[in-house]
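Q: Pasting in a structure now, in structure tokens, and then I'll have a few things to ask.
The values are calculated or read from the model by the stated rules, or taken from the named source; none is laboratory data. Quick caveat: nothing in here was measured; it's all calculated off a predicted structure. Because the Cβ atoms are built from the backbone with ideal geometry, glycine has one as well, and the counts that use them run over all protein chains shown. Each accessible area value is taken on the protein alone, full model and side chains, heavy atoms only, with ligands, DNA and RNA left out. Shrake-Rupley method; radii C 1.70, N 1.55, O 1.52, S 1.80 Å.
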Amino acid sequence: MAILVDADYGLLRQVVETLTRNAVARASMVLLSTTVVDKQAILDIIDDGPGFDEDILPHVFDRFQRGDTKGSSGLGMSIAKTMVEAHGGVIEASNRSEGGALVRIRLPMPKGS
């Protein structure tokens, strides 16, 4: 089943690439999963890495926030949030109970979908 959203392809691709690269830099397994819930397209980026430091987690989307030395400027997550919100969506980050991190993007689906 295809999931369609009304989005700027280049911007949304940049978001997915940034989040996936962040996960790959810290984990040995990264899974991208999609689903639809309540007329929202949901994309989960799941990894088996160390997860987010609990002190940093509330600020993970702040500009220049870095969780470790494997990142670069600390702007990627902030830019991703701005791009998702520009599409009317929401982005969330959490730690998985079994270990690793989860970044979830929720985007509205076009009317009639």
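Q: Is it the case that some residue within region 46-54 is at pLDDT 95 or above, open to solvent by 60 Å² or more (accessible area, probe 1.4 Å) and touching a Ser or Thr at 6+ places or on another chain (Cβ under 9 Å)?
A: yes
Q: While we're on this one: Quick one: count up the residues across region 29-46 that are closer than 10 Å to I105 by Cα and not hydrophobic (A, V, I, L, M, F, W, C).
A: Of the residues in region 29-46, 3 are closer than 10 Å to I105 by Cα and not hydrophobic (A, V, I, L, M, F, W, C).
Q: Sticking with this one: Counting only residues that are closer than 17 Å to T35 by Cα and among the hydrophobic types (A, V, I, L, M, F, W, C), which one in region 94-113 is modelled with the lowest pLDDT?
A: Checking each candidate, the answer is M109.
Q: Is one or more of the residues making up region 28-38 in a loop (DSSP other than H, G, I, E, B) and modelled with pLDDT of 95 or more?
A: yes
Q: Here's something else I'd like to know. Restricting attention to region 14-29, which residues are within 12 Å of the chain's Cα centre (by Cα), farther than 21 Å from G88 by Cβ and surrounded by 15 or more Cβ atoms within 10 Å (Cβ to Cβ)?
A: Residues satisfying the conditions are T20, N22, A23.
Q: Of the residues that sit in region 1-45 and are in contact with a Ser or Thr (Cβ under 9 Å, 6 or more places away or on another chain) and not aliphatic (A, V, I, L, M), which one is nearest to A101 (Cα to Cα)?
A: Only one residue fits best here, namely D44.
Q: Right, something else. Before we move on, is L11 in contact with a His (Cβ under 8 Å, 6 or more places away or on another chain), modelled with pLDDT of 90 or more and open to solvent by 40 Å² or more (accessible area, probe 1.4 Å)?
A: Details: in contact with a His (Cβ under 8 Å, 6 or more places away or on another chain): yes; modelled with pLDDT of 90 or more: yes; open to solvent by 40 Å² or more (accessible area, probe 1.4 Å): yes.
Considered against the rule, which asks whether it is in contact with a His (Cβ under 8 Å, 6 or more places away or on another chain), modelled with pLDDT of 90 or more and open to solvent by 40 Å² or more (accessible area, probe 1.4 Å), L11 comes out as yes.
Q: For region 62-82, does any single residue satisfy the condition of being of a type in the set (A, V, I, L, M), surrounded by 13 or more Cβ atoms within 10 Å (Cβ to Cβ), modelled with pLDDT of 90 or more and closer than 17 Å to V5 by Cα?
A: Yes, the conditions are met somewhere in region 62-82.
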